[in-house]
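Here is the structure we will look at, set down as structure tokens.
The values are calculated or read from the model by the stated rules, or taken from the named source; none is laboratory data. If you're wondering where the values come from, they're calculated on a predicted model, not measured in any experiment. All Cβ positions, even for glycine, are placed from backbone atoms using ideal geometry, and neighbour counts span all protein chains on display. To get the accessible areas, we keep the full protein, side chains included, count just its heavy atoms, and leave off ligands, DNA and RNA. Shrake-Rupley method; radii C 1.70, N 1.55, O 1.52, S 1.80 Å.
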Amino acid sequence: QKEVEQDPGPLSVPEGAIVSLNCTYSNSAFQYFMWYRQYSRKGPELLMYTYSSGNKEDGRFTAQVDKSSKYISLFIRDSQPSDSATYLCAMSLSYNFNKFYFGSGTKLNVKP
Amino acid sequence: GAGVSQSPSNKVTEKGKDVELRCDPISGHTALYWYRQRLGQGLEFLIYFQGNSAPDKSGLPSDRFSAERTGESVSTLTIQRTQQEDSAVYLCASSLRREEETQYFGPGTRLLVL
């Protein structure tokens, strides 16, 4: 079983839609949860970072962590064509970020 | 300012040859990471450097893979006797220090082993 599972998509939505991206994980010791956005032929860039359970909002993006269900989500409101990219979740066990565990990524396409 | 750079951007090699991939992290960043990303898959952790030391080499797939870092700056990932399954994008990331959750990624080196 993979440490982190993520639906690869592709997910295709119309412009303006609310997008929900999700990951599940198996290791209950994960404490730090991150979402990265990766445009084609580019390296990933950090979008959101949360610690333990709860929600975090940044503009049109909301990250949600449910540790009891081992489930994390990223919501994108008012999606734009420029949001079209692959979204990767990542998580870490400890404050010393020696190692990150990544999901396989969900490819999102926002149609104008 | 300058971000993380990697070279070459693309590399095509024949099975059995050795390849060397280079990463130039952001100046002043003490932590450096190497990842492998196979087509349609997530990032697979390979190795992590704190300064010039690699305390965790557990992610290296086999003894054909090695990495070094010098001057707390440039890092090279070497793959000896390349195999077709080594074909992937190799990504490098750096962060200011180990306790920093924000990693800055380079554009990657696309390796194709024929």
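If I filter segment B:60-72 down to residues being surrounded by 14 or more Cβ atoms within 10 Å (Cβ to Cβ) and not hydrophobic (A, V, I, L, M, F, W, C), which single residue comes out as nearest to the other protein chains (Cβ to nearest Cβ)? Walk me through how you get there before you give the answer.
Of all residues in segment B:60-72, those surrounded by 14 or more Cβ atoms within 10 Å (Cβ to Cβ) come to B:60, B:64-67, B:69, B:72.
Those left that are additionally not hydrophobic (A, V, I, L, M, F, W, C): B:64, B:66, B:69, B:72.
Values: B:ARG64: 21, B:SER66: 18, B:ARG69: 15, B:GLU72: 17 Å.
This residue is B:ARG69.
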Residue among B:SER87, B:SER95, B:SER75 that alone is farther than 19 Å from B:PRO8 by Cβ and either away from every other protein chain (no Cβ under 14 Å) or over 11 Å from the mean Cα position of the chain (by Cα) (or both):
B:SER95
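For segment A:1-48, enumerate the residues that are charged (D, E, K, R) and open to solvent by less than 50 Å² (accessible area, probe 1.4 Å).
A:ARG37
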Inspect segment A:69-90 for any residue being in contact (Cβ under 8 Å) with a residue 12 or more places away in the chain, part of a loop (DSSP other than H, G, I, E, B) and of a type in the set (Asp, Glu) and give the result as yes or no.
yes
Members of segment B:24-40 found to be buried (at least 16 other Cβ atoms within 10 Å of the Cβ) and either over 14 Å from the mean Cα position of the chain (by Cα) or more than 8 Å from chain A (Cβ to nearest Cβ) (or both), listed by number
B:ASP24, B:PRO25, B:ILE26, B:HIS29, B:THR30, B:LEU32, B:TRP34, B:ARG36, B:GLN37
Options A:SER104, A:SER40, A:SER94, A:SER12: the member that is at negative phi, away from every other protein chain (no Cβ under 14 Å) and of a type outside the set (A, V, I, L, M)
A:SER12
Of all the residues that make up segment B:58-113, how many are assigned to a loop (DSSP other than H, G, I, E, B), of a type outside the set (Ser, Thr, Tyr) and without any contact (Cβ under 8 Å) to a residue 60 or more places away in the chain?
10
